[in-house]
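**Student:** Okay, here's the structure, questions in a sec.
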Amino acid sequence: MSQGTSLLLLLLLTTILSLSTIHANSPAPASSLPPVIKAGYWPSWSFNTLPPNSIHFSYFTHVLYAFIPINSTTFELSISPFHDLWLANFTTSAHSHSPPVSALMGIAGGSFNRTVVANLVSNPASRATFIASTINIARKYNLDGMDLDWEFPSNTEQMENLAQLFKEWRAAIDSEAAACGRPRLLLTSSVYFSVDFFLSIVPRSYPASVMAETLDWINAMCFDYHGWWNTTETGAHAALFDPVHNISTSYGLSSWVSAGMPAKKVVMGMPLYGRTFELKEREKHGIGAPGVGVGPGIGGRGIMVYGRIVEFNMEENATVVRDEERGAVYSYVGDSWLGYDDRWSVRKKIDFAKEMGLGGYFLWALGFDYHWSISQTAWSAWEN
């Protein structure tokens, strides 16, 4: 980033801060978005097994680079030599496809220190520095936009600060596009599956009305409802419905729309991985069966990518069950239990999203699929 460009953007943002409330009260300019968002996140750490030029871009309208970290002192984006190389490669590969696929950068991510983001949003000067940095980086690497993945704001004050960030960010993006004559950068955010953190001991809600006015869309992370943190019983970690509780994709998506987020600005997340459990008793193997720990998978946390799940089921001759009531899939063999999405459940979710009038879907993450079968199924299910 050149010092001169940074200073100009910071001067521009100083003016924008005083005007951000006015900008935020007006609807954001219409984006040249496709009729539906079909997105996927590319984990940059998978560069060896899935370099960007190996992505099947024909199944996507948008791809997102995961993730660019934030400097904890300066609050600028941290572009290491690694990210410099692969961010450029990622964008070039997406744009070289015919038709071109939009490339966005994901910022922060699930493993990033959420306190850094909390500190960033709490201070006007830090917000201005951060916003200037995101615009600089997006233009430098010819990106089409950015996606903030803060997991998660911890209280009401942080939610209010997040709203202020989005107002100022939107104002800066609009002003920058007008000043340089280039297409406006997209601004999106990855969020909790529900607008309310109703499962938390600290009740809080996203600023849905502000987000509706300032963001192009939200990426609702409709997964991880169950997992290693509670293994006393099995659970479908991305179930479409839940007949007992509100811990489901249908509830989460509906909560966002009820809170004022236009359905077309809600994008449904689907996982390309499963959560596994160890059964307490082999003869009890349904959803909600007693468990005693995590099952097979990565890192001792019972995570298994979809490609490996398909292989595991075939190798172990596992029994596969499709739960119509929940729109969820699981398999079991011995004392191993795996909950995941397959082509059947993805079709059900796509049908549900279309009926709701949602803006589309995203997959986490590219490289986890089984020969791109879920990616292809999701694409064709929406078209049909």
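Values quoted throughout were computed directly from the atomic coordinates according to the rules given, and no laboratory measurement underlies them. Just so you know, these numbers come straight off a predicted model, no measurement behind them. Ideal geometry is used to build each Cβ from the backbone, glycine not excepted, and the neighbour counts take in all protein chains shown.
**Student:** In nm, what is the difference between 0.36 nm times the number of residues separating ASN142 and VAL244 and their Cα-Cα distance?
**Tutor:** Length difference between fully extended and current span is 32.0 nm.
**Student:** What is the magnitude of the charge dipole of the chain about its Cα centre, with +1 placed on the Cβ of each Lys and Arg, -1 on the Cβ of each Asp and Glu, and no other charges, expressed in debye to the nearest 20?
**Tutor:** 660 debye
**Student:** I've got another one for you. Please report the spacing between the Cα centers of segment 233-286 and segment 150-188 in Å, no decimals.
**Tutor:** 29 Å
**Student:** Return the inverse of the average 1/r over all pairs of distinct C-alpha atoms in segment 3-221, which is the Kirkwood hydrodynamic radius, in Å to one decimal.
**Tutor:** 17.7 Å
**Student:** Lys and Arg at +1, Asp and Glu at -1: add these up for the other residues within a Cβ distance under 13 Å of THR231 and post the number.
**Tutor:** In short, 0.
**Student:** Shape call for segment 64-145 from the C-alpha gyration tensor, a ≥ b ≥ c root eigenvalues: rounded (a/c under 1.5), prolate (a/b greater than b/c) or oblate?
**Tutor:** prolate
**Student:** Moving on to the next point. Using only the Cα atoms of segment 304-354, each taken as one equal point scatterer with no solvent, compute I(q) by the Debye sum, divide by I(0), and report log10 of the ratio at q = 0.32 Å⁻¹.
**Tutor:** Each listed q maps to, in turn, -1.27.
**Student:** Positive end of the charge dipole of the chain (Lys, Arg +1 and Asp, Glu -1 on Cβ, about the Cα centre): tell me which of THR92, SER189, ILE107 has its Cα farthest that way.
**Tutor:** Toward the positive end, the furthest listed residue is THR92.
**Student:** Filter the chymotrypsin sites (Phe, Trp or Tyr not before Pro) in segment 125-192 down to the DSSP loop ones having no more than 15 other Cβ atoms within 10 Å, then list what survives.
**Tutor:** Taking segment 125-192 and a limit of 15 other Cβ atoms within 10 Å, no loop chymotrypsin sites (Phe, Trp or Tyr not before Pro) are found.
**Student:** Can you compute the FRET efficiency between SER200 and SER78 using 1/(1 + (r/R0)^6), with r the Cβ-Cβ distance and R0 = 25 Å? Round to the nearest 0.05.
**Tutor:** Efficiency, from the Cβ-Cβ distance: 0.30.
**Student:** Tell me, what is the FRET efficiency for TRP229 and GLN376 to the nearest 0.05, using R0 = 30 angstrom and their Cβ-Cβ distance as r?
**Tutor:** 0.40
**Student:** Pick from SER58, SER102, SER250: which residue has the top mean-square fluctuation in a GNM of the chain where Cα pairs under 10 Å get a spring?
**Tutor:** The residue that fluctuates most here is SER58.
**Student:** If I model a spin label at HIS56 and ALA177 as a point 7 Å from the Cα along the Cα→Cβ vector, what separation in nanometres do I get?
**Tutor:** 3.2 nm
**Student:** Could you work out [θ]222 nm for the chain from helices alone, using -39500 (n - 2.57) per DSSP H run of at least four and dividing by all its residues? Round to the nearest 500 deg cm²/dmol.
**Tutor:** That calculation yields -12000 deg cm²/dmol at 222 nm.
**Student:** Note down the magnitude of the dipole of segment 3-221 about its Cα centre, charges +1 on Lys and Arg C-beta and -1 on Asp and Glu C-beta and zero elsewhere, to the nearest 20 debye.
**Tutor:** 260 debye
**Student:** How high is the relative contact order of segment 3-221, in percent, with contacts defined as C-alpha pairs under 8 Å that are six or more residues apart?
**Tutor:** Result for segment 3-221 is 23 percent.
**Student:** Right, next: In nm², what is the average projected area of the convex hull enclosing the Cα atoms of the chain?
**Tutor:** With the hull built on Cα positions only, its mean projection is 18.3 nm².
**Student:** Looking at the calculated P(r) for segment 132-236, what percent of the C-alpha pair distances fall above 24 Å?
**Tutor:** 35 percent
**Student:** Give the residue from GLY339, VAL257, ASN317 lying farthest towards the positive end of the charge dipole for the chain; charges sit on Cβ (+1 for Lys and Arg, -1 for Asp and Glu) and the dipole is referred to the Cα centre.
**Tutor:** VAL257
**Student:** Add +1 for every Lys or Arg and -1 for every Asp or Glu among the other residues with Cβ under 11 Å from the Cβ of ALA108, and state the total.
**Tutor:** Result for the neighbourhood of ALA108: -2.
**Student:** Moving on to the next point. Give the Rg/Rh ratio for segment 296-384, taking Rg as the radius of gyration of the Cα atoms and Rh as the Kirkwood radius, to two decimals.
**Tutor:** Here Rg/Rh amounts to 0.99.
**Student:** Over segment 111-161, what is the relative contact order in percent, taking alpha-carbon pairs closer than 8 angstrom and at least six residues apart?
**Tutor:** It rounds to 47 percent for segment 111-161.
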